[in-house]
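Trainee: Attaching a single structure in structure tokens format; questions to follow.
Every number here is computed from the coordinates shown, using simple stated rules; none is lab data. Everything quoted here is computed from the prediction, not taken from an experiment. Cβ: placed from backbone, ideal geometry, glycine included. Neighbour counts: every protein chain shown.
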Amino acid sequence: MAIAVGTDDFGTGYASLATLNGLAVSEIKIDRTCVAGLPADIKACALTRAVIALGRTLGLRVVAEGVETEIQADFLTAEGCGIGQGYLFSRPLPAAAFEDYARGVTPMRPELDGLDPCADATGLAKQKVGPAARLM
């Protein structure tokens, strides 16, 4: 049995570089406070690019939290962040509603319709399977 560990809210006071160095994590999540300013806020753009680059260099999956607009999703995709979660994809759902939602897998974007959800080299889903979705 394999267990993957991720660092949530990376870039905030509780998730630090020491966390990445001290734990065997496989994923980091860009905090929604950084994502909220994209792409207009120059500092948010710089921080987001840095976290994406750090994650890629360390071989970690990078997830953006709080993606609410297509413009944010487009920026993240262009910068190399392949997974996002937020209201753009789905509002929080009760467990029963999530089960129905997950059974009816729908693409985040029409151009992804019909793609195999595990077809890319990273094995990351290309279709929405819940509140997180493949951006690329």
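Trainee: Ordered by residue, what ³J(HN,Hα) values in Hz, to whole numbers, does the stretch 72-83 give under the Karplus form 6.51 cos²θ - 1.76 cosθ + 1.60, where θ = phi - 60° and Gly and Pro are x?
Mentor: Those phi angles translate into 5, 4, 5, 4, 4, 4, 4, 8, x, 8, x, 9 Hz.
Trainee: Let me ask something else about it. What distance in nm separates the simple spin-label points at A50 and A24, each placed 7 Å from Cα in the Cβ direction?
Mentor: In this crude label model, A50 to A24 measures out at 2.9 nm.
Trainee: Residue by residue through the stretch 30-47, what is 3J(HN,Hα) from phi via Karplus (6.51 cos²θ - 1.76 cosθ + 1.60, θ = phi - 60°)? Round to whole Hz and write x for glycine and proline.
Mentor: With coefficients 6.51, -1.76 and 1.60, one gets 6, 4, 4, 5, 6, 5, 4, x, 6, x, 6, 7, 4, 5, 4, 5, 5, 5 Hz.
Trainee: So who's got an amide H within less than 5 Å of the one on V63, skipping anything under 5 residues away but keeping other chains? H placed 1.01 Å off N, in plane.
Mentor: Counting only residues 5 or more places away or on other chains, the set is I28, K29, I30.
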